[in-house]
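The values are calculated or read from the model by the stated rules, or taken from the named source; none is laboratory data. Only a predicted model underlies this, so the values are computations on that prediction, with no experimental measurement involved. Using ideal geometry, Cβ is built from the backbone for each residue, glycine included, and neighbour counts are taken over all protein chains shown.
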Ligand code: SF4
Ligand code: SF4
């Protein structure tokens, strides 16, 4: 039985009226839409441009100097809730890391964007390109060559090594191009 309590008193009819009003509001909304001009977009002939931050196909971007941004730190792989990223790390002669292979299984990816959030080098980025459905699920496994692009994506000027102050065979912290010497925090002590 539908009842409503108003001022401490039980009012059975008030509950019934509330339900009827909810039904009436719902039907009124439907009725109003009957006379509206429908908005139909003829996809794929017409493609609406999506916001830059839309989350779809993932790319691996490059530094402004053309080098690969990914340092194979495994953070994206660790944070991925469906474990669809895998890679193998290696070290270049100058001591900088890179991924010998890098694989994303888009058949499992839920496009949550956590990998992009976790990436310290801005290497892995999601793009608005959502047109990647395939009948063969195995073709949704993308290798490094499929993921690597020749630009920096959303942040084209960012260069991880120039800001992170990493020690490599090429130099100590602050010795790399456009890199400043690290601050000696103990020098601030009284
Ligand atoms: S978008 Fe989410 S599910 Fe897809 S690879 Fe990145 S972390 Fe994994
Ligand atoms: S894409 Fe980013 S988070 Fe993933 S391994 Fe490479 S540098 Fe690390």
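When you look at residue 85, is it surrounded by 15 or more Cβ atoms within 10 Å (Cβ to Cβ), near ligand 2 (Cβ under 9 Å from one of its atoms) and modelled with pLDDT of 95 or more, yes or no?
yes
What number of residues within region 73-96 are more than 8 Å from ligand 1 (Cβ to nearest atom), in contact with a strand residue (DSSP E or B) (Cβ under 8 Å, 6 or more places away or on another chain) and more than 20 Å from residue 157 (Cα to Cα)?
12
For region 137-154, what are the residues that are over 19 Å from the mean Cα position of the chain (by Cα) and within 20 Å of residue 110 (Cβ to Cβ)?
The answer is 137, 138, 139.
Would you pick out the residues in region 97-116 that are closer than 18 Å to residue 148 by Cα and within 14 Å of ligand 2 (Cβ to nearest atom)?
If the condition is that a residue be closer than 18 Å to residue 148 by Cα and within 14 Å of ligand 2 (Cβ to nearest atom), then 97, 98, 99, 100, 101, 102, 103, 104, 109, 113, 115, 116 are the ones that fit.
Residue 72: surrounded by 15 or more Cβ atoms within 10 Å (Cβ to Cβ) and farther than 20 Å from residue 138 by Cα, yes or no?
On the way: surrounded by 15 or more Cβ atoms within 10 Å (Cβ to Cβ): yes; farther than 20 Å from residue 138 by Cα: yes.
It is true that residue 72 is surrounded by 15 or more Cβ atoms within 10 Å (Cβ to Cβ) and farther than 20 Å from residue 138 by Cα.
Restricting region 164-190 to residues that are under 23 Å from residue 122 (Cβ atoms) and not in a loop (DSSP other than H, G, I, E, B), which is modelled with the lowest pLDDT? Show your work before the answer.
Going through region 164-190, the residues under 23 Å from residue 122 (Cβ atoms) turn out to be 164-168, 170-171, 173-180, 182.
Next cut, not in a loop (DSSP other than H, G, I, E, B) only: 164, 168, 171.
Details: 164: 66, 168: 69, 171: 74.
Among them, the one singled out is 164.
Among strands (runs of 3 or more DSSP E) lying entirely in region 9-113, which contain 2 or more residues that are within 31 Å of the chain's Cα centre (by Cα)? Let's see the steps before the verdict.
Numbers: elements: 9-11, 58-60, 85-91, 97-105.
Passing ranges, in order: 58-60, 85-91, 97-105.
Of the numbered conditions (1) within 16 Å of ligand 1 (Cβ to nearest atom); (2) modelled with pLDDT of 95 or more, residue 53 satisfies every one except a single condition; which is it?
(2)
Restricting region 68-82 to residues that are touching a residue at least 40 places away in the same chain (Cβ under 8 Å) and under 15 Å from residue 96 (Cα atoms), which is farthest from ligand 2 (Cβ to nearest atom)? Lay out the reasoning, then the answer.
Taking region 68-82 as the starting set, the residues that turn out to be touching a residue at least 40 places away in the same chain (Cβ under 8 Å) are 68-71, 73, 75-76, 78.
From the residues that got through so far, the ones that are under 15 Å from residue 96 (Cα atoms) too are 68-71, 73.
Numbers: 68: 9, 69: 7, 70: 3, 71: 5, 73: 4 Å.
For region 68-82, the residue satisfying everything is 68.
Which numbered condition in (1) surrounded by 17 or more Cβ atoms within 10 Å (Cβ to Cβ); (2) at pLDDT below 95; (3) within 15 Å of ligand 1 (Cβ to nearest atom) is the only one that residue 127 fails?
Of everything listed in (1) surrounded by 17 or more Cβ atoms within 10 Å (Cβ to Cβ); (2) at pLDDT below 95; (3) within 15 Å of ligand 1 (Cβ to nearest atom), residue 127 misses just condition (2).
Would you be able to tell me the number of residues in region 140-154 that are assigned to a helix (DSSP H, G or I) and surrounded by 12 or more Cβ atoms within 10 Å (Cβ to Cβ)? Steps first, please.
Kept after step one, since they are assigned to a helix (DSSP H, G or I), are these residues of region 140-154: 140, 144-147.
Filter again for surrounded by 12 or more Cβ atoms within 10 Å (Cβ to Cβ), leaving 140, 144, 146-147.
Adding up the residues that qualify gives 4.
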